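What follows is a set of notes on a single structure, which appears directly below.
The values are calculated or read from the model by the stated rules, or taken from the named source; none is laboratory data. Please read all numbers here as calculations on a predicted model, not as lab measurements. Backbone-built Cβ (ideal geometry, glycine too); neighbour counts: all protein chains shown. Just so you know, the surface numbers come from the protein's heavy atoms only, side chains and all, with ligands and any DNA or RNA stripped out. Shrake-Rupley method; radii C 1.70, N 1.55, O 1.52, S 1.80 Å.
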Amino acid sequence: MITASAPGKVILFGEHAVVFGRAALAVPVTQLQARVTVSENSRGGIWIEAPNINLSSDIEQLPPDHPLARVVYSVFTALGKSHPPACTIYIQSTIPVASGLGSGAAVSVAILRALSAYLGQPLPDEQVNTLAFEAEKLHHGTPSGIDNTVITYIKPVYFIKGRPVKTFHVGAPFTIVIGDTGISAPTKESVRSVRKLWESDKPRWEKVFDRVGNIAWDARQAIERGDLTDLGSLMNANHVLLQRLTVSCPELDRLVEAACKSGAFGAKLSGGGRGGNMITLVRKENAPAMAEALKSAGAKRTTVTQVE
Ligand code: PMV
């Protein structure tokens with residue numbers, strides 16, 4: 001029996017513009033985890049059990065483009081296993097689905113690691129990242145690759161699509177409170193609608209993407225200097241541009257506003273938007289009060305994470 005885990009993630013800066021080649025920053029959230037256990041089974045076949053999504057099925061009964069089945073098949077193909085042994089792949093996750101916290105990528109990475117180890121040929125990180133990116137295409141349509149990258153390497157990532165992975169230095173640890181609207185919002189749809197906007201007036205939206213990319217670059221410098229005041233202002237500025245890209249929603253705006261009124265350095269939506277999660281930057285000692293303020297403003301759950 002083999003178990004592997006992968007963390008959730010938050011995008012600190014640059015979502016959506018990153019799909020169009022601009023820089024983005026993301027960090028792992030290790031309090032949230034996907035966990036996959038592969039064990040022998042005596043009934044034959046490859047079984048996938050995912051109680052979180054009420055799935056218990058022989059892989060052959062799933063449509064061939066089912067994201068979980070595709071990840072499993074990609075391991076067999078990568079390892080040249082045309083007759084894989086009977087096994088059960090048990091998937092558990094504390095990462096909320098379709099809420100911008102990287103649940104799809106984390107499940108993919110955990111399956112790739114657990115199953116390849118079970119088959120005696122653990123895949124190296126680079127291959128895990130490549131195969132998880134293929135699976136992301138099923139979740140996101142045209143993903144940038146940032147989710148699978150930060151989740152595979154479990155490090156803060158300064159990400160530009162198609163370029164080698166870069167991590168960045170955190171000058172002084174800082175605290176983020178994540179607030180969940182409880183609204184499930186598929187990233188594929190928000191990514192698609194941003195693409196439509198862009199197609200309607202490319203010069204205009206390219207300028208917006210440039211501004212987002214510059215914010216991500218400035219934010220990286222602020223993080224390296226440990227300048228929380230600047231970092232907070234950059235979050236606010238990024239949120240305004242995300243509103244302009246039409247990916248915020250009243251519930252996210254309410255949480256962002258509540259955070260700013262409750263003394264945050266700054267706040268913004270995080271991930272695909274139109275629901276899902278927002279993040280806010282606070283002093284460590286203020287995190288419990290901020291979590292309460294977000295709950296009063298409608299957050300269904302909150303998570304506190306320290307970026308170091
Ligand atoms: O998985 P999410 O919801 O955190 O969104 C990923 C970020 C996007 O920039 C919206 C899409 C992408 O592939 O980078």
Give the lysines whose C-alpha is closer than 19 Å to that of LYS196, dropping any in the same chain fewer than 8 places away, or say none.
LYS137, LYS188, LYS207
Which one of ILE89, LEU55, THR30 is farthest out on the positive end of the charge dipole of the stretch 1-124, using unit charges on Cβ (Lys, Arg +1; Asp, Glu -1) and the Cα centre as origin?
THR30
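Which number do you get for Rg(Cα) / (2.2 N^0.38 Å) in the stretch 50-138? Write out the running numbers ahead of the final one.
Working: Rg = 12.5 Å, N = 89, 2.2 N^0.38 = 12.1 Å.
In units of the 2.2 N^0.38 Å rule of thumb, it is 1.03.
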For the peptides 6-17, 212-223, 294-305, what is the packing order when you average, over each peptide's residues, the other Cβ atoms within 10 Å and list the highest mean first?
6-17, 212-223, 294-305
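Could you give the Stokes-Einstein D for the stretch 2-159 in µm² per second, using the C-alpha Kirkwood radius, 37 °C, 0.692 mPa s? Before the final figure, lay out the partial values.
Working: Rh = 15.6 Å.
Stokes-Einstein gives a translational diffusion coefficient of 210 µm²/s.
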Ignoring ligands, DNA and RNA, what percent of the 1.4 Å accessible area of the stretch 108-164 is carbon and sulfur?
54 percent
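Pull out the extension gain between THR167 and HIS83, defined as 0.36 nm times the separation in residues minus the alpha carbon to alpha carbon distance; nm, one decimal.
On the way: separation 84, 0.36 × 84 = 30.24 nm, distance 3.89 nm.
Fully extending the segment from THR167 to HIS83 adds 26.4 nm.
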Pop out the ³J(HN,Hα) list for the stretch 267-277 in order, Karplus 6.51 cos²θ - 1.76 cosθ + 1.60 with θ = phi - 60°, rounded to Hz; leave Gly and Pro as x.
7, 7, 6, 9, x, x, x, 6, x, x, 10
With only Lys, Arg, Asp and Glu charged, each at its Cβ (+1 for the first two, -1 for the last two), find how big the charge dipole of the stretch 118-238 is about the Cα centre; round to the nearest 20 debye.
340 debye
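Using the Cα gyration tensor of the stretch 170-307, with a ≥ b ≥ c the square roots of its eigenvalues, what is the shape: rounded (a/c below 1.5), prolate (a/b larger than b/c) or oblate (neither)? Mind showing how you got there, number by number?
Numbers: a/c = 2.32, a/b = 1.28, b/c = 1.81.
Oblate, since a/c reaches 1.5 and b/c is not below a/b.
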Once the mean of 1/r over all distinct C-alpha pairs in the chain is inverted, the Kirkwood radius in Å reads 19.7 Å
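In Å², what does the accessible area per residue of the chain work out to with a 1.4 Å probe?
Numbers: 13060 Å² over 308 residues.
Per-residue accessible area for the chain comes out at 42 Å².
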